[in-house]
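> Take this structure, written in structure tokens, and hold onto it; I'll ask about it next.
What follows draws every value from the coordinates through simple rules; no lab data is involved. Just so it is clear, the model here is predicted, and its values are computed rather than measured. So basically every Cβ, Gly included, is an ideal-geometry build from the backbone, and we count neighbours across all protein chains shown.
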Amino acid sequence: MGGERSLACGRGIGLNGPQTLGNSAFFWVVWAIGLALMIALPLLASRYQIINASNILISSILAMSLCLIWGYGGILSLGQASFYCIGGYAYGIAGINLIQSSGNTELAILAGIIVPVGFAAVLGAMMFYSRLQGVYVAILTLVVSLLLGLFMRQTADPFYAIGKAAFGGMNGLKPAGAGDPGVPPLTFRFAEYSWVFDGRGIGFYWLTLAIVVLVYLGLRWLVNSSFGYKLIACREDLDRTETMGYDIRLIQLTVFCLSAAIAGLSGALYTAWGAYIHPDGFSVAPNILVVIWVVVGGRKDLTSVVISTMLLSWIALELAPYGEVSLLIQGLILVVAMLIAPDGIVAQFGAFIGRMIARKPRIAPNSWKEKIA
Amino acid sequence: MKSVEQTREGKVSILEVRDVRKYYGGIHALDGLSMDIKKGEVHCVLGPNGAGKSTFFKTLIGTERPTSGRIIYNGADITRLPAFRRVGLGLSVKFQNLRLFGDLTVGQNLFIALRRTHRVADIAEQTEVLLSRIHLLGAENRLMRQLSHGEQQRVAIAMSLATQPQLILLDEPTAGLSVEETRLVADIIANVNRHGVTVVVIEHDMDFIRSLNGHVSVLHYGRLFAQGSFDEIAANDDVRRIYLGAA
Amino acid sequence: MDIWGQIISYAYQYFDNAAFLALSAIGLILIYGMMGVINMAHGELMMIGAYTATFAYYAGVPVPIAIIFAGIVTGVVGVIIERLIVRHFYNQLLSSLVVTWGLSLIFTQGMLMIFGPSAKNMPTPFGSFSVGEFSFGIYRMVLFAVALLLIVGLWALFRFSSFGTKAQAAIENPTMAQALGIDTRRIYTLTFGLGSAMGGIAGAMFAMTAAVSPFFGQAYTPLAFITVVIAGGANVIAGLVYAVAYLAGIQTLTVNVFNQYIGYISIMAAAFVALLVMPTGISGFVERRRVRAMQR
């Protein structure tokens with residue numbers, strides 16, 4: 001009864017709801033087939049392709065973090081890669097220090113999530129509690145990211161080290177002494193059993209895929225929940241949301257921190273994948289790439305963003321041998337996408353398919369007008 | 001209605017506005033406004049265009065901070081409280097330019113308005129109660145921006161009722177409504193007022209104000225110009241003059 | 001006596017920092033204040049200006065003409081960008097920001113393809129003078145003079161020319177301006193071109209102090225963005241002057257007491273403080289104070 005009623009209000013239950021495209025049985029069938037294909041990918045693809053596929057999956061987690069705050073929360077962060085990198089450095093530093101003593105990396109992954117959250121909490125509290133919005137938040141997040149990059153670049157001096165991990169400046173994170181371990185792969189231990197997921201292995205690919213699925217389902221549930229509605233209300237009209245009694249500062253800070261946690265997780269996975277993290281991750285190019293994935297997909301829909309991230313990252317990989325052309329084309333794709341499909345190419349295509357299947361005109365939930373903050 | 005005015009003196013004030021000023025650059029939207037709103041009354045605020053009525057509401061609800069002055073609600077100074085805290089204390093507003101979530105459905109709009117004070121399980125029932133009060137039963141799944149202006153106006157009023165307020169600020173609740181709809185709004189106001197809720201209304205429609213049968217304040221150039229019962233105000237030559245002067 | 005040298009050194013650094021901020025922000029803030037667009041490709045326009053000036057210089061063109069030429073080229077590029085792309089994103093602050101950021105990527109990578117990553121150099125003219133044991137480059141003061149010249153020029157343009165009057169009308173009330181027969185679209189295009197040209201001139205000036213590479217602009221944009229954000233858009237010239245004076249002071253102080261990096265961090269912190277006190281930027285604050293004073 002309760003379920004029926006809440007559907008009658010046009011509200012979703014669980015994973016389905018008006019805040020996400022694709023709520024039909026047909027969608028979930030296609031989704032399951034897609035997932036099955038991705039699980040089976042190691043049977044079809046070469047080892048090298050699997051290694052790249054793992055990285056693409058990691059990127060899609062990062063893209064979902066921006067989709068959450070920008071697409072659903074209305075907060076444009078141009079420095080999303082900074083949380084990714086902070087998470088990466090935190091994982092690396094904690095991992096190098098703990099791998100020998102504890103033999104596992106659970107704490108390092110936790111550090112990769114918590115450190116960016118702490119950072120986001122401080123930055124977010126300053127911004128949202130002084131009620132900065134829109135372009136101010138966008139510029140400040142970008143500038144903070146660039147400043148962090150500037151800082152990490154000049155940490156070549158051995159002075160900049162935490163325990164056994166040296167920041168390493170332009171060379172990226174490295175062990176402080178000759179005998180110290182490098183950035184460890186993901187290592188889990190339970191009683192006397194231990195599992196190692198090396199970034200080049202198929203196990204790591206499957207693990208990352210599982211995390212992508214969990215983050216995706218978790219976010220779908222979140223954006224269709226009560227909190228999701230508050231988030232969307234904030235995106236549409238901050239003042240009106242506040243005059244319905246919601247503390248918009250807290251909502252914005254919460255989603256900012258959650259997004260930093262997801263970005264940090266993705267950065268920790270990246271560092272584990274490549275056993276490597278470098279200050280260039282704070283610079284303009286990685287930050288803009290995240291924005292490109294989200295814009296091209298359609299920032300107001302999670303599924304579209306994941307699809308576009310996978311496609312664009314794959315295109316970038318194919319173009320990588322040609323050098324600068326890769327980023328140039330990504331930039332062109334962004335500008336063209338903004339001109340022809342402001343709600344995202346994938347999302348508009350998805351809405352079109354949805355209409356074809358439903359065979360009746362329906363309004364896509366992503367047809368919001370841009371709100372100027 | 002002399003009786004309304006006579007009993008008014010002894011009543012407790014729910015809202016006291018003390019010398020409130022709001023300057024936008026050189027424009028003095030509010031220029032030393034003082035006013036009492038008594039608990040349980042229907043209070044109409046009139047005034048020519050640019051008299052500062054909407055700014056007055058915004059400083060009351062907290063989306064605008066007054067340049068100076070104090071606002072006291074139930075005896076507590078709320079001048080510096082953020083808007084959401086005032087709403088938590090029982091204030092509620094319907095803005096002049098509705099500000100609904102146009103791309104959400106009616107049901108989703110009401111869900112957002114109801115969620116703070118209701119459990120999810122109760123919201124469907126509350127939605128039906130509110131929709132039946134504004135004669136829009138069964139409209140949950142319609143998109144907000146596809147509603148007519150009159151329907152949107154009614155939903156906006158319903159949303160201001162949804163937060164279980166003690167004091168409702170309605171900025172032009174009958175703008176764009178038909179005669180029938182206007183009568184419906186007057187009924188809604190009378191009904192919530194009967195349950196002890198104080199209602200403050202900004203209006204231009206004189207017939208509507210008369211039908212509310214409440215206390216009337218006239219703003220002019222950001223100050224309280226005149227106040228009294230509707231008949232007193234209607235008979236006031238100065239009030240007539242400023243209206244004609246503004247027109 | 002070296003006290004004088006020290007004092008002059010601080011003053012010199014202050015004006016150097018101010019010139020840096022003012023030159024890199026002036027075109028950006030013009031476009032933001034007049035059109036509400038934050039042009040994320042501004043640094044890349046500076047880069048194009050720097051390349052143009054460098055090539056012109058090595059082709060034998062005298063330096064001042066090379067600089068003007070750089071301004072013209074970037075101005076034309078700006079007009080093309082506005083016509084083709086930015087036009088579609090007016091009144092969409094965040095979208096215009098994202099789309100111009102995409103442009104910046106295209107420009108950087110395009111230049112990288114054409115000219116490669118190797119840096120080009122122009123000699124710094126004018127040499128130096130010294131006070132006590134401190135030595136000062138004269139060109140840095142020329143930068144400050146040019147910054148001042150551009151600010152005064154901009155002020156005069158808005159104060160005295162018909163373009164300035166029309167532009168102000170178009171900003172204050174676009175519909176009314178259109179009704180009065182002002183071609184607001186043309187005004188916007190010209191404003192964008194003018195802002196871009198100023199970026200190009202700034203880039204050309206900086207080309208004589210820094211290596212010119214496709215990533216040239218990225219050295220200037222972070223501080224330029226902060227300058228614009230705390231200056232606000234309500235009064236372009238006053239906002240810029242106050243913001244630059246404030247930030248250059250903070251920067252000079254902290255760089256001397258600590259180091260370059262702490263200097264950047266302090267600018268960031270100073271920006272936060274300024275925004276806390278004045279959420280609409282300095283110019284919004286100044287504007288309110290001015291109008292209020294006039295009313296009294």
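> Any of A:K300/B:K94; A:K230/B:K94; B:K53/B:K94; A:K230/A:K300; B:K22/C:K166 with alpha carbons more than 20 Å apart? Name them for me.
Working: A:K300/B:K94 28 Å; A:K230/B:K94 18 Å; B:K53/B:K94 13 Å; A:K230/A:K300 15 Å; B:K22/C:K166 31 Å.
Flagged as over cut-off: A:K300/B:K94; B:K22/C:K166.
> Under the rule of at least 5 residues apart or a separate chain, name every residue whose amide H is placed under 5 Å from the amide H of B:G69.
B:R21
> So how tilted is helix A:345-358 from the main axis of chain A? Cα-based, degrees 0 to 90, rounded to 10.
40 degrees
> Let me know the Kirkwood hydrodynamic radius for chain B, please, with Cα pairs as the basis and the value in Å to one decimal.
Taking every pair of different Cα atoms in chain B, averaging 1/r and inverting gives 18.5 Å.
> Per residue Cα convex hull volume for the range C:17-213, in cubic angstrom?
In the range C:17-213, the Cα convex hull volume per residue is 129 Å³.
> Same structure, new question: Amide H to amide H, which residues 5 or more places from B:F225 or on other chains are under 5 Å from it, using H placed in the peptide plane?
B:V218, B:L219, B:H220
> If you fit an axis through the alpha-carbon atoms of helix A:202-223 and take the longest principal axis of the Cα set of chain A, what angle between them do you get, 0 to 90°, nearest 10?
That helix lies at roughly 40 degrees to the long axis.
> Okay, moving on. If you find the alpha carbon centre of the range C:158-211 and of the range A:229-300, how far apart are they in angstrom?
So the two Cα centres are separated by 35 Å.
> Find out how many positive minus negative residues lie around C:I81, taking Lys and Arg as positive, Asp and Glu as negative, among other residues whose Cβ is under 15 Å from that of C:I81.
Summing Lys/Arg as +1 and Asp/Glu as -1 gives +1.
> Taking the Cβ of B:G62 as the centre, find all other residues whose Cβ is under 11 Å away and add up their charges (Lys, Arg: +1; Asp, Glu: -1). Mind dumping the intermediate values first?
Details: positive: B:K58, B:R65, B:R80, B:R85, B:R86; negative: A:D239, A:E242, B:E64.
Around B:G62, the surrounding residues sum to +2.
> Still on this structure, please answer the following. Net charge near A:I96: determine it from the other residues with C-beta under 11 Å of the C-beta of A:I96, scoring Lys and Arg +1 and Asp and Glu -1.
+1
> In degrees between 0 and 90, to the nearest 10, how far off the longest principal axis of chain A does helix A:25-44 point, with axes built from Cα atoms?
Taking the Cα atoms of chain A, the angle to A:25-44 is about 20 degrees.
> Ok, one more. Suppose every K and R has +1 on its Cβ and every D and E has -1 on its Cβ; what is the size of the dipole of the protein assembly as shown about the Cα centre, in Debye to the nearest 20?
Working: 65 positive and 52 negative charges, 146 e Å.
So the dipole magnitude of the protein assembly as shown works out to roughly 700 debye.
> What residues qualify as long-range amide H neighbours of B:Y24, i.e. H under 5 Å apart, gap of 5 or more or another chain, H built at 1.01 Å from N?
Those qualifying (amide H under 5 Å, at least 5 residues apart or on another chain) are B:A29.
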